[in-house]
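To start, the structure itself, in structure tokens.
Please treat every number below as a calculation from the coordinates, not as lab data. Nothing here was measured: the structure is a model prediction, and the numbers come from that model. No Cβ is skipped: glycine too gets one built from the backbone with ideal geometry, and neighbour counts run over all protein chains shown.
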Amino acid sequence: MEKTKSPHLFFIYLTIFVNILGFGMIFPLLPFYAQQFNASETTIGFLAASYAIAQFILSPVWGRLSDRFGRKPIIGIALLGLACSFLLFGLSNSLILLFISRILQGIFSGAAMPVAQAYVADVTSKESRIKGMGNLGASLAAGFIFGPAIGGVLSGIHISFPFFAASALAALNFISVLIFLPESLSQKAGKLMIKEGFFNIKQMYRGLRGELGSLFILVFFWSFALTNNSVAIPLYGLEYLNLSVLTIGYFFSVQGLLAVLMQSLLIYRITRFFGEHKAIVLGLSIMAVGLFLVPFAKSGAFLLFFMVLMTLGSSMIRPTLATLVSKETHEGQGTTMGIFSSFESLGRVFGPMLGGWLFSTFDFHSPFTISAVLILLSLIFVVQIKGFFRGVVKSRGD
């Protein structure tokens with residue numbers, strides 16, 4: 001039973017949708033836009049990575065600020081900051097401004113997800129929390145589905161137009177949050193413990209050594225594998241299966257639609273049937289199998305099937321991990337979800353960089369096989385050494 005009315009959560013889901021919609025509208029156009037300023041491929045890579053690096057550094061900061069000052073003001077600041085950073089990107093006339101605006105997008109985007117997760121944890125019971133986390137994941141997936149398509153259409157008007165549209169969407173969402181979203185935090189933290197790990201390095205180290213360390217490890221490897229293969233799959237499809245860019249785009253849209261369905265409609269039923277710990281083990285196992293099979297696809301149909309298999313597994317993981325972290329933490333929800341998001345962002349930093357490098361340096365199997373092996377090894381390590389199996393046994397009674 002939820003502690004507050006579901007219409008309030010609509011604005012939280014909308015915040016994540018708008019955040020990712022803006023990202024999705026911009027990301028496919030990023031290389032072409034940066035090339036107008038004579039950016040090299042390496043520079044474009046750093047420009048793309050700067051977003052995730054900023055998220056990695058600032059997510060715990062925003063989370064802790066939300067424990068001190070409340071969720072609503074931080075979400076409002078995030079949306080207003082995103083509106084300004086998208087606008088700056090569209091108005092940029094130099095590479096330096098592109099980097100500044102891209103870093104700002106990462107900074108303010110780094111506030112949205114952890115604070116949204118903390119809000120959901122504030123207003124839901126432990127029993128219904130997986131529904132809220134699943135809907136957040138579905139909002140994220142929906143943003144990835146519609147963002148690139150809308151960005152492509154709007155870029156036909158002018159290549160800068162998607163950035164202005166993303167800015168307007170964030171500004172409208174800021175106004176709606178300001179007017180309609182109630183504060184969820186009933187008891188705010190008394191002070192900011194800046195000297196005790198306000199920034200993420202010390203907090204992440206302490207998190208790894210704590211009882212939630214196994215969950216942080218898993219979200220890192222999940223994020224690494226997912227983003228690694230977002231680079232490797234298009235390369236494989238284009239170079240080895242002779243698929244068109246449009247076909248690969250459709251395949252990713254199918255993945256996104258499946259993720260929305262899984263996380264909005266099925267994840268609650270899956271976790272009720274298996275328990276949350278078992279659902280994570282099952283999801284990671286299915287995802288690893290899908291990843292391992294991708295380079296053996298000999299046609300587009302097989303590639304799509306293996307991508308669907310991978311998505312069935314991956315869609316079980318993130319909302320369930322986020323639910324377990326929010327349930328088991330003894331710290332503030334904002335602080336904990338900020339660290340959780342930081343580990344996820346760290347995976348998004350290394351995943352795309354290593355995906356292309358492995359593909360070009362070794363062979364086309366390497367990004368997929370290494371991702372699958374890392375997931376299985378981390379799962380074995382967590383289950384056998386970190387005591388995760390005790391949670392699996394306990395979950396039989398969930």
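Could you give the nm distance between label points at Val245 and Leu172, where each point is 7 Å from its Cα heading toward the beta carbon?
Here the modelled spin labels are 2.8 nm apart.
Quick one: compute a quarter of the convex hull surface over the Cα atoms of the range 1-180 and quote it in nm².
9.9
Go through 247-255, 228-236, 150-158 and give me the packing order, highest mean Cβ count within 10 Å leading.
Averaged packing, sorted descending, gives the order 228-236, 247-255, 150-158.
Which chymotrypsin sites (Phe, Trp or Tyr not before Pro) from the range 352-382 combine a DSSP loop assignment with at most 15 other Cβ atoms within 10 Å?
Passing both the DSSP loop test and the Cβ count: Phe362.
From the phi angles alone, apply the Karplus equation (6.51, -1.76, 1.60; θ = phi - 60°) to the range 346-353 and give each ³J(HN,Hα) in whole Hz, x where the residue is Gly or Pro.
Listing the rounded values in order: 4, x, 6, 6, 7, x, x, 5 Hz.
Listing Arg269, Arg129, Arg68 from the residue with the fewest other Cβ atoms within 10 Å to the one with the most, what is the order?
In order of increasing Cβ crowding within 10 Å: Arg269, Arg68, Arg129.
Residues of the range 78-93 with the amide nitrogen closer than 20 Å to a label point 7 Å from the Cα of Phe46, along Cα-to-Cβ, please.
Taking a point 7 Å out along Cα→Cβ of Phe46, the residues of the range 78-93 whose backbone N falls under 20 Å are 89, 92-93.
Starting from the 7 Å offset along Cα-to-Cβ, what nm value, one decimal, do you get for the label separation of Ile159 and Ser128?
Placing both labels 7 Å along Cα→Cβ, they lie 4.9 nm apart.
Per residue of the range 275-284, what does 6.51 cos²θ - 1.76 cosθ + 1.60 with θ = phi - 60° give for ³J(HN,Hα)? Whole Hz please, x for Gly and Pro, Karplus curve as stated.
Coupling constants for the range 275-284: x, 5, 5, 5, 4, 5, 4, 5, x, 5 Hz.
To the nearest Å, what is the center-to-center distance of the range 85-100 and the range 270-328, using C-alpha atoms only?
Centre-to-centre distance over Cα atoms comes out at 37 Å.
Just Tyr240, Tyr268, Tyr119 to compare: in a GNM of the chain, with alpha carbon springs under 10 Å, which one fluctuates most?
Between Tyr240, Tyr268, Tyr119, it is Tyr240 that shows the largest mean-square fluctuation.
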